[in-house]
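For reference, the structure discussed in these notes is given below.
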Amino acid sequence: MDYLERCIKESMRLYPPVPVIARQLYAPLKTPNMLVPAGCSIFINVFEQHRIPEYFPNPLEFNPDRFLEKFKHPYAYVPFSTGPRNCIGQKVAMMSQKILIAKILKRYVVGSTVKPKNLRLAQNIVLENEGGVILTLKQRCDKDSSRESELSMGTESSMDKGSSTDDSL
Ligand code: HEM
């Protein structure tokens, strides 16, 4: 589960579900290059920030183990924002992702028909790929684990019936 958590964190680094955070300044903001007056709206580009090599060496590489160490800056990684208006649901979000993904991976080998280089990312309220991302699910052979997860999931899903070994959904 620790490794899964690091994989989820690394996925949200490369593809932050909330790629931009907006704020209105109540006080002037001094940056190394300029003074931004109070009243201005500012946008924090989380997507680009998560790819700054200084904080994330070799930023395009999917490397969950980068989360084994502390980052150089405490606010380098902010998929749930930070400060007083950060995400109040982040623990629920992490837990539900872990449970859902663990349950799926126990029964299926998951793939994608879209390679990362062919993604056409679009910034809507959340980050999306134009046309979605088509996933492939291949049922694992281990009968015991699939039977066990079938029982613990409660119901028989429609994917259990018929061509469950077909990996093109
Ligand atoms: C992967 C899932 C999630 C991500 C990436 C995420 C991300 C964020 C981010 C970045 C913000 C700050 C937005 C801003 O300041 O403009 C935020 C705020 C918020 N999130 Fe989430 N969130 C997630 C799931 C959840 C869940 C599951 C809940 C509720 C159970 C939740 C409840 C909230 C609330 C209420 C706020 C507003 C907090 C405030 O303004 O004081 N989020 N979220």
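Values quoted throughout were computed directly from the atomic coordinates according to the rules given, and no laboratory measurement underlies them. As the structure is a computational prediction, the values presented were derived from the model and not from experiment. Cβ sites come from the backbone with ideal geometry, for glycine too, and all protein chains shown count toward neighbours.
Miscellaneous remarks
- Selection of chymotrypsin sites (Phe, Trp or Tyr not before Pro), the range 1-94, meeting DSSP coil and at most 10 other Cβ within 10 Å: Y26
- Basic side chains Lys and Arg get +1 at the Cβ, acidic Asp and Glu get -1 at the Cβ, and with that the dipole of the range 1-84 about its Cα centre reaches some 300 debye.
- Label-point separation in nm, S112 to I99, each point 7 Å along Cα→Cβ: 2.5 nm
- Paramagnetic label zone (point 7 Å from Cα along Cα-to-C-beta, I125; backbone N under 18 Å) in the range 6-45: 16-23
- The distance between label points at E5 and M34 comes to 4.0 nm (points 7 Å beyond Cα on the Cα→Cβ vector).
- When each of K9/K30; K70/K115; K9/K106; K98/K138 is checked by Cα-Cα distance, pairs over 24 Å: K9/K30; K70/K115
- Efficiency of FRET between R23 and R51 - r from beta-carbon atoms, R0 25 angstrom, step 0.05: 0.75
- Each residue in C141, C87, C7 was given a count of other beta-carbon atoms within 10 angstrom of its own, and listing them fewest first yields C141, C87, C7.
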